[in-house]
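These notes concern the structure reproduced below.
The values are calculated or read from the model by the stated rules, or taken from the named source; none is laboratory data. The structure displayed is predicted, hence computed values, not measured ones. Note that we place each Cβ from the backbone using ideal geometry, even for glycine, and neighbour counts take in every protein chain shown.
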Amino acid sequence: MNNDSVATAYTTVDGQYVHELEIKRSRFITYLRRVESEGQARALVAELRKKHFDARHHCSAFILGADRTAMRSNDDGEPSGTAGIPMLDALAKRETASGSADLSDIAAVVVRYFGGILLGAGGLVRAYSESVSSTLEAAPLLRRERLRILGVEADYAAAGRLENDLRSAGVQVLGTDYGDSAATLRVALNDDATILTGFNDRLATLTAGASHAEDLGTEWVDVR
């Protein structure tokens, strides 16, 4: 994933999701999986070729990167343009809860078991598009945001209470690291000066000035 990306948020699938449609006796089994590289996307195709070794087609499409800089598709033996491209369009044009088409780091593979009835070019386009679209309708999705990460040091005795207080205030705490002499809470905030100032003020109030936030840079964070 490109950490210098202009994008600050996007949507991806939460792990893997599988959905099946039957269209004119053909079975279309769609797998959606979160991936972060072309290698992972191709590994999914290889995995499903082994699992569904008796299927006629294993068509695929994937989108990678916060700015969706990599988009690929493969018809895997179906007539050119009737499978991979409709699948990719279904991913690329899907509007999410963000109100925009921002799916990325996602791979789709449609495994087709031929049912003996030819669908024709138009029928294949609709079948592969519908297979991915209907799977997206049911799949669990999550937001990824590029957030400012702060490290907040606290005494062992105070760390648990401080974490609870911050979570109660709506602050995303990624976890707590325990060192030799103190604990460090890793906190994620929107990279906005006003929000950072507000957090520092809240932290000073909660700890009576005993804890301070150290800027650890920015990271991509799953926001559920």
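Overview of values
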{"quantity": "Of all residues making up the stretch 84-110, the number that are assigned to a strand (DSSP E or B) and closer than 15 Å to Arg126 by Cα", "calculated": "1"}
{"quantity": "Residue check for Asp201: in contact (Cβ under 8 Å) with a residue 40 or more places away in the chain, charged (D, E, K, R) and outside the structural domain of Val35 (by TED's automatic domain parsing)", "calculated": "no"}
{"quantity": "Residue match in the stretch 183-197 (condition: assigned by TED's automatic domain parsing to the domain that holds Gly65, touching a helix residue (DSSP H, G or I) at 6+ places or on another chain (Cβ under 6 Å) and buried (at least 16 other Cβ atoms within 10 Å of the Cβ))", "calculated": "no"}
{"quantity": "From Arg202, Arg224, Arg161, residue being among the charged types (D, E, K, R) and under 28 Å from Asp14 (Cβ atoms)", "calculated": "Arg224"}
{"quantity": "Search result, residues across the stretch 127-138 that are touching a Leu at 6+ places or on another chain (Cβ under 8 Å) and surrounded by 19 or more Cβ atoms within 10 Å (Cβ to Cβ)", "calculated": "Ala127, Ser131, Val132, Thr135, Leu136"}
{"quantity": "Candidates Tyr178, Tyr113, Tyr128, filtered to the one that is under 20 Å from Ala213 (Cα atoms) and among the aromatic types (Phe, Trp, Tyr)", "calculated": "Tyr178"}
{"quantity": "Residue under evaluation Ser80, criteria (1) without any contact (Cβ under 8 Å) to a residue 60 or more places away in the chain; (2) of a type in the set (S, T, N, Q); (3) closer than 20 Å to Leu136 by Cα, criterion not met", "calculated": "(3)"}
{"quantity": "Qualifying residue in the stretch 109-118 (condition: touching a Gly at 6+ places or on another chain (Cβ under 9 Å) and not aliphatic (A, V, I, L, M))", "calculated": "no"}
{"quantity": "Qualifying position, being within 30 Å of Thr8 (Cβ to Cβ) and surrounded by 23 or more Cβ atoms within 10 Å (Cβ to Cβ), among Leu124, Leu103", "calculated": "Leu103"}
{"quantity": "Strands (runs of 3 or more DSSP E) wholly inside the stretch 141-195 containing at least 3 residues that are under 21 Å from Thr218 (Cα atoms) and free of Cβ contacts under 8 Å to residues at least 24 places away in the same chain", "calculated": "172-178"}
{"quantity": "For Val6: the one exception among (1) modelled with pLDDT of 95 or more; (2) surrounded by fewer than 21 Cβ atoms within 10 Å (Cβ to Cβ)", "calculated": "(1)"}
{"quantity": "Residues located in the stretch 107-159, provided they are among the aromatic types (Phe, Trp, Tyr) and at pLDDT below 95", "calculated": "Tyr156"}
{"quantity": "Residue identified as among the basic types (Lys, Arg), under 19 Å from Leu141 (Cα atoms) and without any contact (Cβ under 8 Å) to a residue 24 or more places away in the chain among Lys51, Lys93", "calculated": "Lys93"}
